[in-house]
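The structure appears right after this line, and notes come after that.
All of the numbers you see were taken from the coordinates with simple rules; none came from a lab. None of these values were measured; they are calculated from a predicted model. Methodologically, a virtual Cβ is constructed for each residue, glycine included, from the backbone with ideal geometry; neighbour enumeration extends over all protein chains shown.
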Amino acid sequence: MQTKKESLVESLANVTVGFLVTILSLHIIFPLLGIESHSGKNILITIYLTVLSVLRNYILRRYFNKKQHPDKK
């Protein structure tokens with residue numbers, strides 16, 4: 001069973017990679033879709049999505065850990 005700290009570290013590592021992929025992806029996809037944007041907006045969007053991703057990963061990880069090990073806190 002993962003500790004809460006281990007769950008958070010795993011989520012942060014996962015999301016760090018996602019952050020970099022998203023930054024690069026926005027620079028590719030927005031121009032293809034005709035969406036005008038600049039680096040500042042792209043970074044702000046990515047930060048917002050990153051925070052949501054960290055929370056989602058952490059909550060799901062804790063839920064499944066608790067479900068698999070209901071007797072432990």
Using Cβ counts within 10 Å as a stand-in for footprinting exposure, how do T50, T16 rank, fewest first? T16, T50
Pick out, in residue order, every one of the GluC sites (Glu not before Pro) in the chain that is DSSP loop and has at most 14 other C-beta atoms within 10 Å; say none if there are none. E36
Counting other C-beta atoms within 10 Å, which of S11, S25 has the fewest, and how do the rest follow? S25, S11
How large is the charge dipole for the chain, taken about the Cα centre, if only the Cβ atoms of Lys, Arg (+1) and Asp, Glu (-1) carry charge, to the nearest 20 debye? 520
Measuring from the longest principal axis of the C-alpha atoms of the chain, the long axis of helix 39-68 (C-alpha) lies at a number of degrees, nearest 10, equal to 20
Positive end of the dipole of the range 4-68, charges at C-beta (+1 Lys, Arg; -1 Asp, Glu), about the Cα centre: which of I23, T46, L12 has its Cα farthest in that direction? L12
The extension gain from I59 to L44, computed as 0.36 nm times the residue separation minus the Cα-Cα distance, is 3.1 nm
Return L12, L55, L26 ranked ascending by Cβ neighbour count within 10 Å, so the fewest neighbours appear first. L55, L12, L26
